[in-house]
Each structure stands twice: as structure tokens, then as C-alpha cells.
Amino acid sequence: MNLMLIPLVVLAGMGLSLEAGLIGPLGTEVGHLWATLSIFGVGAVLTGLLVLFFSPRNAPSYTDQPGWQLLGGVLGPVYVVVLTIATPVIGIGMTMIAILSGQVAKSVLIDHFGWFGTPHKKVGSERLLALVFIVAALVLIAWG
């Protein structure tokens, strides 16, 4: 495992909290769907520029990929709409720990069964205990 990626992923997670803090109030002001469109519109332009200038020229075509791999594009807007609706109501901390709970629970299942072509990683007691602690954090933040 490349441990150098962990701080980068932690910083990306912090970026999601920042995004929630920005998009929640924006959604309240302009509407949840317009706020979601603005996030994806700006992101699409920036990503398009990155692809234009930094993408390898011999990258495989989308049409060569299985259709199910492109379904992630459907999940992103659903996530952002939920983030936009929930954040102003339950707060950033509660929203993020609830998202984290769902992410870790589903990730453990995906790893365990090797879904989507990922390598199998058996669910051991350590992973289950980590999930229990995250759910406990969710309960404590909801209670507090």
C-alpha cells in the first residue's frame, strides 16, 4: 500500500466538508438543483481543461468500456443534491459523519466480495470494529 496517498485522501475528504459548507447555503438561496448544476458545471469545465492539457493522447475510448462503469456519473449528482439538502438542516458535521458511515459500510462489502473488479479483502474484526466506531460517532454527533 502506498501510504503517501493517505494524507492526500484525507485532504480530499476535508475538501468535501468545505464543499458541503459552500453548497448548502447556495442551495438554500438558489435552489438545490441549481446549486448542484453549478458545482458540476464548474467541475466539468475544470476537468475538461485538465483532460485537454494533461490527458494521454492514446487513452482508451469510453465506448470500449462496459456501460456499468459509467454509472458513477449518475451517483455524483445524487450525492451532491443530498449534500445540498441535508447540510443546512443537520449541519456539516452530522452530514459528513453520516456520509462516512455509508461509505465505509458499503466499501467494506465491496472489498469483502470483490465487486466491480476490485481485489478481495476479507472483512476481519478490525474492519468491523472500525465500522462500529464510525456508527458510534454518528450516534454521538446526532445525540450531541
| message | Need the full-extension length gain, Leu131 to Leu5, defined as separation in residues times 0.36 nm minus the C-alpha distance. One decimal, nm. | response | 43.2 nm
| task | Arrange the residues Asp111, Asp64 by how much accessible surface each exposes, largest first, with a 1.4 angstrom probe. | result | Asp64, Asp111
| request: Report the relative contact order of the chain, percent, no decimals, based on alpha-carbon pairs under 8 angstrom and at least 6 residues apart. | output: 24 percent
| query | PRE reach from Leu16 (point 7 Å along Cα→Cβ): which of segment 31-59 fall under 13 Å by backbone N? | reply | none
| field | Convex hull volume of the chain per residue (C-alpha atoms, cubic angstrom) | value | 146 Å³
| query | For the chain, what is the charge dipole size about the Cα centre, in debye to the nearest 20, if Lys and Arg each add +1 at the Cβ and Asp and Glu each add -1 at the Cβ? | reply | 280 debye
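Between Ala142 and Glu29, what is the FRET efficiency for a Förster distance of 22 Å, r being their Cβ-Cβ separation, to the nearest 0.05?
Computed FRET efficiency for Ala142 and Glu29 comes out at 0.25.
At 0.36 nm per residue, minus the direct Cα-Cα distance, what do Leu49 and Ile110 gain on full extension? Give it in nm, one decimal, please.
18.7 nm
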| note | In Å, the C-alpha Rg and Dmax of segment 92-143 are 12.2, 38
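The values are calculated or read from the model by the stated rules, or taken from the named source; none is laboratory data. No experiment lies behind these values; they were computed from the predicted model shown. Glycine gets a Cβ as well: all are built from the backbone with ideal geometry, and neighbour counts include every protein chain shown. Each accessible area value is taken on the protein alone, full model and side chains, heavy atoms only, with ligands, DNA and RNA left out. Shrake-Rupley method; radii C 1.70, N 1.55, O 1.52, S 1.80 Å.
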